[in-house]
1. Among the trypsin sites (Lys or Arg not before Pro) within the stretch 82-160, which fall in a DSSP loop and have no more than 14 other Cβ atoms within 10 Å of their own Cβ?
2. Determine the alpha carbon to alpha carbon distance for each of LYS118/LYS275; LYS116/LYS234; LYS7/LYS157; LYS221/LYS252; LYS7/LYS176 and list only those over 28 Å.
3. If the elastic network links every pair of Cα atoms under 10 Å, which of PHE110, PHE247, PHE23 fluctuates the most in the Gaussian network model of the chain?
4. In debye to the nearest 20, how big a dipole does the stretch 151-263 give about its Cα centre with +1 on each Lys and Arg Cβ and -1 on each Asp and Glu Cβ?
5. Taking Cα atoms, how many degrees apart are the long axis of helix 87-96 and the longest axis of the chain, rounded to 10 and kept between 0 and 90?
6. Whole number in Å², please: accessible area per residue of the stretch 67-109, 1.4 Å probe, ligands, DNA and RNA not counted.
7. Note the full-extension length gain between LYS275 and TYR253 as 0.36 nm times their separation in residues minus their Cα-Cα distance, in nm to one decimal.
8. Read phi for every residue in the stretch 132-137 and hand back ³J(HN,Hα) as whole Hz from Karplus 6.51 cos²θ - 1.76 cosθ + 1.60, θ = phi - 60°, with x for Gly and Pro.
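The values are calculated or read from the model by the stated rules, or taken from the named source; none is laboratory data. Predicted model, so just to flag it, every value in this text is computed and none were measured. Cβ sites come from the backbone with ideal geometry, for glycine too, and all protein chains shown count toward neighbours. For the accessible areas, the whole protein counts, side chains as well, though only heavy atoms, and no ligand, DNA or RNA atoms are used. Shrake-Rupley method; radii C 1.70, N 1.55, O 1.52, S 1.80 Å.
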Amino acid sequence: MALVTMKEMLAAARQEKRAIGAFNVANYETALAVMKAAEAEKSPVIIQVYDRLFQSDKAADIAGTLLRLARRSNQAIALHLDHGSSLDHVAVALHAGYTSVMFDGSRLPFAENAAKTKLAAELAHAAGCTAEGEIGHVAQGDETALTVVSEAVDFAKQTGVDALAVSIGTAHGYYKATPKIDVERCREIAEALPGLPLVLHGGSGTPLEDVRAVIRNGIAKVNIATEYMDTYLKSSRAELEKLNGKFLPVDKYYDPVVDACMAHAARLIRFFAGK
């Protein structure tokens, strides 16, 4: 199909009680694998770039590659700024051709988070793109703040976001203990915001039965970063060990790494779709 916004895929996913996989990438190989997985599963997908890459030229430099991959894909692909830390990064992403942006003000006081997220959404909408915000806080090395239903409703109304990330017990990175996912909280938020796609951050390592439960209760986008990147690293290490010091052109070296990442992404895409 082509390059699209998230709104075009997430609304249908929520209505049909399925979710779209959103995979963080950092180079050509990780992005290519996601695109191939989407094509193999005949499913739309979201390719994300983390805010850290927007702190240098990396995110803008890789944009050309991502845009070309998306435009030649036979499936719908959205390009998304993940956890944007500033309105400047939002503007850079939109200028570079990303079709969706997230401003993450989840560590800020409610009023400041809402005000800045609203500005990010307005920038995105003016460019014909979509916006994601976060209320509550999904932790990574700090303290989780679960989403309050009434605050989620107020935040959505004040900001006009197209998708809302909620905190229901997940965390970024690998878990040190089995997480306790608050499915009931997710259901209450979804019922209070009918039609608004909810986003699950911290999808890596979350028990799949819990993921399936929250998809049935409003989650329409599931973010996967740590475990996907880990697949890339472990696969790269395995291929290097096979060489045992011998030379192999880099493009050939990466072919099996792409295949491993593709298989990982395809399995998750299939699961999120309820297949």
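1. On the way: sites: ARG107, LYS116, LYS118, LYS157; in loops: ARG107.
Sites meeting the loop and neighbour criteria: ARG107.
2. Working: LYS118/LYS275 36 Å; LYS116/LYS234 38 Å; LYS7/LYS157 17 Å; LYS221/LYS252 33 Å; LYS7/LYS176 34 Å.
Pairs exceeding 28 Å: LYS118/LYS275; LYS116/LYS234; LYS221/LYS252; LYS7/LYS176.
3. With Cα springs under 10 Å in the chain, the top fluctuation among PHE110, PHE247, PHE23 is at PHE247.
4. Here the stretch 151-263 has a charge dipole of around 260 debye.
5. 50
6. Working: 1660 Å² over 43 residues.
Dividing the accessible area of the stretch 67-109 by its residue count gives 39 Å².
7. 4.7 nm
8. Coupling constants for the stretch 132-137: 10, x, 9, 10, x, 9 Hz.
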